[in-house]
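Take a look at the structure below.
What follows is calculated from the coordinates using simple rules that are stated; it is not laboratory data. What you see is a predicted model; the values in this text were computed from it and never measured. All Cβ positions, even for glycine, are placed from backbone atoms using ideal geometry, and neighbour counts span all protein chains on display.
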Amino acid sequence: MPFVVAFPIPMMANLGSPDVMELHLLDAWSHLREMRFLILLAVVAACSLQVSHAFKIAAFNIERFDAHKVDDPVVLNLLIRILRRYELIAVQEVMNANDTAIKRLVEELNVATGLPYNLLISDHLGRGSYREKYVYIFREDILKPTEWYHYDDGCENCGSDSFLREPFVVRFSSLTTGLKDFVLATIHTSPDYAVLEVNALYDVWEDAKQRLHTENIMILGDFNADCSYVTARHWPMIRLRQDERLQWFIEDGGDTTVSTNNNCAYDRFVVSGAEFLNALIPETAKPINLQKEYGLTYAEAKAVSDHYPIEIELRKDELYNGQLFGVDSSFGISGGLSLNGVCDCAGVDFASCDGRCGAYSRTFPCSCNASCTSYSDCCTNYLAFCKP
């Protein structure tokens, strides 16, 4: 229905002299201009409201996120400006073990927005001294995590696990989107074994389908899936890319990095399930160039991260009635411990890198990690199995 406004026009009878008539006409014209301005403001406000209520999911590798970033007021302010764009954010490279920095970031986000964000935190994942956490930051009033687990990728102690940092899988219930139930699996692959780990994400997808009884799954995060880590010749051997039931977002050759020296689409969304795919708004998947979006210098953007966030938008529920979830009294939800597989090491050939890429221990007879060539202690088949 067209938007119609009736403007009061003074009656032409008994207006008196021409000068008086002119004054009445000028007054009517002034009133008309004022009304048009008010209508314009209403339209702008409505458009702004519509944009602010768009449901967006993001993945963001915040390079080595720790207390240094929240202690820097400029970086903290930029992170809040970025995160407030989204209802749900999957963060990689959260470094500090006690979670104080990431909790403080979300607390500051809540103060800045007046909205109840909470966070779900994975185990401290990795081999050796370098470890990370995955964190889901979410609008607690409209989203609820209902199930979560770390993917069981094999025995870390034996070196037979598939990922340096196994994916953290979470099921969400959503009030405001047409898609009410969906699963996210967050990953930050090892650049040294990106081909093998991106391929192994296919097993994560299969496992999530069987465990959670749904096809509506998105794998998201820093795949390191471009440039020298995953090249054109590798794609045919990557099952996650070859299965037609899985749709990739963020095109090859796109740029999800702050660096001015390359154009690498390291960060990706991969989605399955007809309901999930239909729920996505076309052409909304993109990296957010921080320099252009916020008018930053290269140094300012790099202080935040070496990666751009990537985002994608879900269709809203047109029948949403304003219902909200209750806010949990606990702030910062623990995702529990990673199981790291069954670790009896029965049948494991410690002299082979077959299924053990990245394996290292002083007790192993040889190594399958990226630095073994520097120390001349690689297993004899390291290149054959770990450098496709």
**OP:** Report, to the nearest 10°, how far helix 18-52 tilts away from the longest principal axis of the Cα atoms in the chain, using its own Cα long axis and a range of 0 to 90°.
**Re:** 10 degrees
**OP:** Quick one: go through the range 366-388 and flag any residue whose amide nitrogen is under 12 Å from the point 7 Å out along the Cα-to-Cβ line of Cys345.
**Re:** 366
Original post:
Where does the charge balance sit around Arg139 when Lys and Arg score +1, Asp and Glu -1, over other residues with C-beta under 13 Å from its C-beta?
Top reply: 0
Original post:
Taking N as the number of residues in the range 256-306, what value does Rg over Cα atoms divided by 2.2 N^0.38 Å take?
Top reply: 1.46
Subject >> Rounded Å value of the spacing that divides the Cα centres of the range 210-230 and the range 126-169 >> reply: 13 Å
Subject >> Efficiency of FRET between Asp203 and Glu275 - r from beta-carbon atoms, R0 30 angstrom, step 0.05 >> reply: 0.85
Original post:
Once the convex hull of the C-alpha atoms of the range 349-388 is built, how many Å³ does it hold per residue, rounded to a whole number?
Top reply: 56 Å³
Original post:
Given that compact globular proteins tend to follow 2.2 N^0.38 Å, what is the ratio of the alpha-carbon Rg of the range 304-350 to that value?
Top reply: 2.26
Original post:
Could you work out the helix-only [θ] at 222 nm for the chain, with each DSSP H run of four or more residues adding -39,500 (n - 2.57) and the total divided by the number of residues, to the nearest 500 deg cm²/dmol?
Top reply: -9000 deg cm²/dmol
Original post:
What is the distance, in nm, between label points placed 7 Å from the Cα along the Cα-to-Cβ direction at Ser329 and at Glu108?
Top reply: 2.9 nm
**OP:** Return the label of the correct value of volume of the Cα convex hull per residue in Å³, as calculated from the structure shown, out of (1) 162; (2) 130; (3) 196.
**Re:** (3)
Original post:
What pairs from Lys69/Lys209; Lys133/Lys286; Lys180/Lys286 go past 27 Å between their alpha carbons?
Top reply: Lys69/Lys209
